[in-house]
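FYI, it's all coordinate maths here, none of it is from the lab. This one's a predicted model, so the numbers in the text were calculated from it and none came from an experiment. Cβ sites come from the backbone with ideal geometry, for glycine too, and all protein chains shown count toward neighbours.
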Amino acid sequence: MKQLIFALVVIATYAIPQFGHAQLFQAQNGEISFFSKTPLENIDAKSKNVNSIINATTNEIAVQVRVTTFVFPNKLMQEHFNENYLESEKFPMASFKGKIKEDVDLKKAGTYPVSASGVATIHGVTKPIELKGTIVSDGTNLTLTSQFSVRLQDYQIDIPKIVFAKIAEVIDVQSKIHFTPKK
């Protein structure tokens, strides 16, 4: 009986890491920036506090940013962004949860064009979205870059008519996120 228990422990020790262990990559200081261009004014902001995780086994990805971490060159713009447009006290987080469509071995060094389908939640509104980007792997660490657009109306972000000409209806968003293996 002792030999049977010992054999089961040995099998479990070797089998569980191979079959049950997901390869996770995490990021805690990724960057997301956005840009609004109109004839009257350009607006840009950046957050360097993006958290993200990629499960290389299932190709799932999650990205989250606290809205108040976006920094603007003009403090008044930042105040209006948080108080009037994104209502960051009421809706403090923006996120994306989805799955990378391509079957990519992220543990193998290379540059991989990828797309991900999922849902984005901004201003308390969750909508389906498809993102395109590039993952660069050095075999251990990853860098994900992407560019996409957000239509303010889709996320019920209302722009007062008085400033409508200063804020684009569609905002260009860029991200650059560096991942390390989760330990």
Straight-line reach from residue 176: which aspartates and glutamates have Cα under 14 Å away, leaving out those fewer than 8 places along the same chain?
31
Taking max minus min of the Cα coordinates of region 23-181 on each principal axis, largest first, gives extents in Å of 52, 30, 27
Filter 132/183; 97/183; 48/108 down to the pairs with a C-alpha to C-alpha distance above 24 Å, please.
132/183; 48/108
For region 124-129, what does the Karplus curve 6.51 cos²θ - 1.76 cosθ + 1.60, with θ = phi - 60°, yield as ³J(HN,Hα) per residue in whole Hz, taken in order and with x for Gly and Pro?
x, 10, 10, 9, x, 8
Read phi for every residue in region 176-183 and hand back ³J(HN,Hα) as whole Hz from Karplus 6.51 cos²θ - 1.76 cosθ + 1.60, θ = phi - 60°, with x for Gly and Pro.
9, 10, 9, 10, 10, x, 6, 9
Given a Förster distance of 41 angstrom, what is the FRET efficiency for residue 182 paired with residue 71, based on the Cβ-Cβ distance and rounded to 0.05?
0.90
